[in-house]
Amino acid sequence: MALQTPAPAGQALAIALPLLDRFGRRHTKLRVSVTDRCNLRCRYCMPAEGIPVAPRDELLTFEEIERVVRIAASVGVTQVRLTGGEPLVRKGLEVLVAKLARLPGVEDLALSTNAVLLDEHAESLRAAGLKRVNISLDALDPTVFKELTRRDDYQRVVAGIAAARRVGFDPIKVNVVSLRGVTESEVVPFGCFARDTGLEVRFIEYMPLDASSAWERGRVLFAADIRRALEESIQPLVPVTEPTGSPATEYTFADGVGRIGFIPTVSQPFCASCDRFRLTADGKLRSCLFSLDEVDLREPLRSGASDEVIEERVEELIRQAIRDKGPGHEINTDHFVQPLRTMSSIGG
């Protein structure tokens, strides 16, 4: 049951109080991880042998996810993104998409995927109500791709991108994690890719969320360096002035052809405007990607209490998590502590 403001005399309409934290940030975006399993082994994320994953009975069911999203939407969440792990390894994902697409208040439903399985699922996902996809692709050179992912699936990703375009997903964004000493040679090709395809390419700074805790600041290829390389080799970049609602700082090339985004989490944190929180596949709510604390929603969801009691408790816990959210991550401080969960376990 959503907290409500009193209605004026003679009116029955009540409006849920927004999800505001202590710093006045209004939270309207929810990332929902549907699995912690992945079919790639990206070097900046996990070791070649993978990492321990949650038993399947600990993962939220589609019905439990639907309930959490419905409650979140009732208190102001309008944008939902499905993540992983790799979300497409969860069987029947189209069923969940259809459930969420029907929920009142969910205006935008998107998916983050490595696209290895997208070719076979794009049409059914689109038909179920999915609106947008973000595709993770860190290299256009198949050899570099294989080195980074430890898998020979480059052509499957290419096929997935083609399928996403064919069924009409729009926009399609390509997310590129950039590592110093590894992917410098990919920067300019990705700039040309954005110009040739019309897809937005977003460069993401390498973050300390790897399973081996081997992250080093010196391995981060900073957004400023990437921008400089693009401008020296292609054209100057001009800031996009209209609001995008994205964490990326977005640009077009000077001639208007090709859109580039930067997510400079390390060099230029955007915590002051953060409006998102996350639900892990095993039912933990996280107010920040780098949070050391999380709130358990699975326990009340499976408590056996009445629907009303469960929903009141889940809403209370969501509001508590947002109220307790800190001002931002502390990557650039001496007392930063890397979360025990990895990116694949948290959900992107």
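Please treat every number below as a calculation from the coordinates, not as lab data. Fair warning: this is a prediction, and the values are worked out from it, not measured in the lab. Note that each Cβ is placed from the backbone with ideal geometry, even for glycine, and that neighbours are counted across all protein chains shown.
Under 4.7 Å Cβ to Cβ, no partner at all: give me those cysteines from the chain, in residue order.
Lone cysteines by the Cβ rule: Cys38, Cys192, Cys271, Cys274, Cys288.
In the chain, how many lysine pairs have Cα atoms under 17 Å apart, counting only pairs 8 or more places apart or on different chains? If you can, show how the numbers build up before the last one.
On the way: Lys29/Lys131; Lys29/Lys284; Lys29/Lys325; Lys91/Lys99; Lys99/Lys131; Lys131/Lys173; Lys284/Lys325.
Qualifying lysine pairs in the chain: 7.
Quote to one decimal, in nm, the extra length available between Ala101 and Ala254 on full extension: 0.36 nm per residue of separation minus the C-alpha distance between them.
Going from the current span to full extension adds 51.4 nm.
May I ask which residue of Val187, Thr28, Val158 lies farthest towards the positive end of the charge dipole of the chain, with charges of +1 (Lys, Arg) and -1 (Asp, Glu) on Cβ and the Cα centre as origin?
Positive-most Cα among the choices belongs to Thr28.
For the chain, what is the mean residue ellipticity at 222 nm derived from helices alone (per DSSP H run of n ≥ 4: -39500 (n - 2.57); sum divided by total residues; nearest 500 deg cm²/dmol)?
-8500 deg cm²/dmol
Would you mind counting up the charge near Arg166? Only other residues with Cβ under 14 Å from its Cβ, with Lys and Arg at +1 and Asp and Glu at -1.
-2
Can you tell me the length gained on complete extension of the stretch Glu299 to Thr241, counting 0.36 nm per residue apart and subtracting the Cα distance?
Here the segment from Glu299 to Thr241 would lengthen by 16.5 nm.
How much of the DSSP bridge set in the chain is antiparallel, in percent, rounded to the nearest 5?
DSSP beta bridges in the chain are roughly 30 percent antiparallel.
How large is ³J(HN,Hα), in whole Hz, for each residue of region 216-222 in order, when computed from phi with the Karplus curve 6.51 cos²θ - 1.76 cosθ + 1.60 and θ = phi - 60°, using x for Gly and Pro?
9, 4, x, 8, 7, 8, 6
Given DSSP loops and a limit of at most 13 other Cβ atoms within 10 Å, what is the longest stretch of the chain that contains no such GluC sites (Glu not before Pro)?
Working: sites that count: Glu49, Glu107, Glu216.
No qualifying site falls inside 217-348, the longest such stretch.
How far apart, in nanometres, would the label points at Glu216 and Glu308 be if each is projected 7 angstrom from Cα along the Cα-to-Cβ direction?
6.0 nm
Taking Cα pairs under 8 Å and at least six residues apart, what relative contact order does the chain come out at, in percent?
On the way: 680 pairs, mean separation 73.0, N = 348.
21 percent.
Find the relative contact order for region 22-145 and round it to a whole percent, using C-alpha pairs within less than 8 Å whose residues are 6+ positions apart.
Reported relative contact order: 27 percent.
In the chain, which whole DSSP H runs stretch at least 30 Å along their own axis (Cα) and average -0.5 or higher on the Kyte-Doolittle scale?
For the chain, where a helix must reach 30 Å along its axis and average at least -0.5, there are no hits.
Quick one: 3J(HN,Hα) in Hz for region 264-277, Karplus 6.51/-1.76/1.60 with θ = phi - 60°, rounded, Gly and Pro as x.
So the J values, rounded to whole Hz, are x, 4, 8, 7, 9, x, 10, 4, 4, 10, 5, 10, 10, 8.
What is the set of long-range amide H partners of Met46 at a cut-off below 5 Å, with H atoms built 1.01 Å from backbone N?
Amide H to amide H, under 5 Å and 5 or more residues apart or across chains, Met46 pairs with Ala211.
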